[in-house]
There are 2 protein chains.
Amino acid sequence: MKQDAIAKAFDAFLRKRSLKLTAQRRTILERAFATHEHFSAEQLYRWLASESTAKVSRATVYRTLALLQEGEFIAALDVGRGELLYEHVLGHRHHDHMICLDCGKIEEFHDSRIEALQNGICADKGFELVNHTHRLLGYCRACAGQRRKDAKAGTPASKPPAHKTPAAAGRADQSGA
Amino acid sequence: MKQDAIAKAFDAFLRKRSLKLTAQRRTILERAFATHEHFSAEQLYRWLASESTAKVSRATVYRTLALLQEGEFIAALDVGRGELLYEHVLGHRHHDHMICLDCGKIEEFHDSRIEALQNGICADKGFELVNHTHRLLGYCRACAGQRRKDAKAGTPASKPPAHKTPAAAGRADQSGA
DNA sequence: TTTACTGCAAATTCTTTGCAACAAC
DNA sequence: GTTGTTGCAAAGAATTTGCAGTAAA
């Protein structure tokens with residue numbers, strides 16, 4: 001889906017709710033759809049601060065991301081690091097995520113057999129499914145290989161994930177409960 | 001699994017890491033295993049504050065919950081309300097969750113066919129699975145029924161979830177991304 | 001006695017909000 | 001002109017942390 005169509009859809013969405021299409025909203029929409037990575041609010045804010053001439057405040061970034069989420073232009077993903085990541089979804093097929101606990105890499109997967117089973121479960125319980133998140137946490141091929149090597153070489157402990165705030169560590173551990 | 005066996009396991013866990021079994025830790029462990037509901041750190045803190053004679057500080061509650069999580073005595077679950085909920089897992093079979101967006105009710109489900117498919121996907125990608133979370137968000141039977149009734153009666157908007165902080169609303173919306 | 005633990009209050013992190021100035025429509 | 005928006009800085013919420021005193025082992 002190209003920027004143009006997206007912009008139009010956003011405009012329509014805003015119009016439907018009697019909201020206004022401002023320069024900031026346009027900027028944020030464009031930047032969000034210009035990347036194919038997952039990004040955080042802070043990340044997007046910094047991109048705009050450094051790349052763009054027009055500056056947008058953090059507050060507006062948060063407010064607009066919320067709006068884009070409501071309109072299902074983007075979706076939020078909690079990778080367990082204390083902050084939410086976003087990805088654009090308009091024009092993309094639904095998928096779920098495999099998250100590497102070491103390097104943070106996110107791979108996407110989709111399996112319609114799983115989704116079918118999921119629907120069956122909901123039907124059985126009379127549960128009206130709105131959406132779902134299915135996260136697989138573990139080590140990507142590269143990191144898994146490295147860890148095996150380290151283990152053999154006698155580096156017993158795993159190095160701490162090269163990531164974010166220690167504060168977020170706990171949240172990451174949402175062990176498949 | 002009974003309290004006694006659990007206490008023993010905790011003791012062993014602590015001993016293995018040269019940590020000490022304190023009165024506070026014992027109190028927290030017991031209370032966490034005495035409930036069959038999902039609870040937050042704050043909830044547990046308040047339970048202890050009101051029910052128990054020995055008072056435990058919030059900081060210790062957080063610290064001990066983290067410890068119990070590491071030892072896989074309990075697991076954390078993010079229901080998208082800005083705080084983590086915990087449930088004890090020691091001696092319980094793994095399961096996933098269906099979360100009602102209206103009343104907050106949590107139902108558990110388990111489907112080994114899904115887990116098998118999941119493992120297959122990981123094998124294909126060389127992903128070493130450590131754990132997973134599979135959350136189904138929607139409306140439980142009771143709330144779904146109520147909503148249908150409201151809709152017919154001409155109560156077009158959905159009442160706001162009778163829950164927590166508005167701040168958490170955004171996080172809840174992690175639309176199946 | 002040594003080493004770890006606790007409570008307190010202050011600090012952090014991400015995110016939201018009140019409000020006055022401002023810009024779409 | 002209206003009505004919705006922005007930016008700022010202050011407010012929040014959940015959780016963590018430094019430190020001095022306390023208690024297991």
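Couple of notes before you dig in:
- Candidates in segment B:58-71 are the residues that are near DNA strand D (Cβ under 7 Å from one of its atoms) and not aliphatic (A, V, I, L, M); of these, the one that is nearest to the other protein chains (Cβ to nearest Cβ) is B:Tyr62.
- The set of residues in segment B:81-93 being closer than 29 Å to B:Lys20 by Cα and either over 9 Å from the mean Cα position of the chain (by Cα) or within 16 Å of DNA strand C (Cβ to nearest atom) (or both) consists of B:Glu83, B:Leu84, B:Val89, B:Leu90, B:Gly91, B:His92, B:Arg93.
- Comparison of B:Asp78, B:Asp11 shows that the only residue that is of a type in the set (Asp, Glu) and farther than 26 Å from A:Leu84 by Cβ is B:Asp11.
- Counting the residues of segment B:104-113 that are free of Cβ contacts under 8 Å to residues at least 40 places away in the same chain and either at the interface with chain A (Cβ under 9 Å from one of its Cβ atoms) or not in a loop (DSSP other than H, G, I, E, B) (or both) gives 6.
- Subset of segment B:135-145 [more than 7 Å from every other protein chain (Cβ to nearest Cβ) and over 22 Å from the mean Cα position of the chain (by Cα)]: B:Gly145
- Among the residues of segment B:35-53, none qualifies, meaning not one is open to solvent by 20 Å² or more (accessible area, probe 1.4 Å), away from chain A (no Cβ under 13 Å) and near DNA strand C (Cβ under 8 Å from one of its atoms).
- Taking segment B:72-103 as the range and being in a loop (DSSP other than H, G, I, E, B), more than 9 Å from chain A (Cβ to nearest Cβ) and either among the basic types (Lys, Arg) or open to solvent by less than 20 Å² (accessible area, probe 1.4 Å) (or both) as the test, the residues that pass are B:Phe73, B:Val79, B:Arg81, B:Arg93, B:Asp102.
- Residues satisfying the stated conditions in segment B:1-25, i.e. away from DNA strand C (no atom under 15 Å from the Cβ) and within 14 Å of chain A (Cβ to nearest Cβ): none
- Some residue of segment A:121-134 being more than 10 Å from chain B (Cβ to nearest Cβ) and assigned to a helix (DSSP H, G or I): yes
- Criterion violated by B:Arg31 - all others in (1) charged (D, E, K, R); (2) away from DNA strand C (no atom under 11 Å from the Cβ); (3) open to solvent by 40 Å² or more (accessible area, probe 1.4 Å); (4) modelled with pLDDT under 95 satisfied: (4)
- Check on B:Leu137, touching a residue at least 24 places away in the same chain (Cβ under 8 Å), more than 16 Å from DNA strand C (Cβ to nearest atom) and either assigned to a strand (DSSP E or B) or in contact with a Lys or Arg (Cβ under 7 Å, 6 or more places away or on another chain) (or both): yes
- Candidate set from segment B:136-150 (those that are open to solvent by 70 Å² or more (accessible area, probe 1.4 Å) and among the charged types (D, E, K, R)); member that is farthest from A:Val130 (Cα to Cα): B:Lys149
- Residue check, B:Ala59 surrounded by 14 or more Cβ atoms within 10 Å (Cβ to Cβ) and among the small types (Gly, Ala, Ser): no
- Among the criteria (1) more than 14 Å from DNA strand D (Cβ to nearest atom); (2) within 11 Å of the chain's Cα centre (by Cα), the one A:Asp78 does not fulfil is (1).
The values are calculated or read from the model by the stated rules, or taken from the named source; none is laboratory data. In this text, all values refer to a predicted model and were calculated from it rather than measured experimentally. All Cβ positions, even for glycine, are placed from backbone atoms using ideal geometry, and neighbour counts span all protein chains on display. Surface accessibility is based on the protein's heavy atoms, side chains included, excluding ligands, DNA and RNA. Shrake-Rupley method; radii C 1.70, N 1.55, O 1.52, S 1.80 Å.
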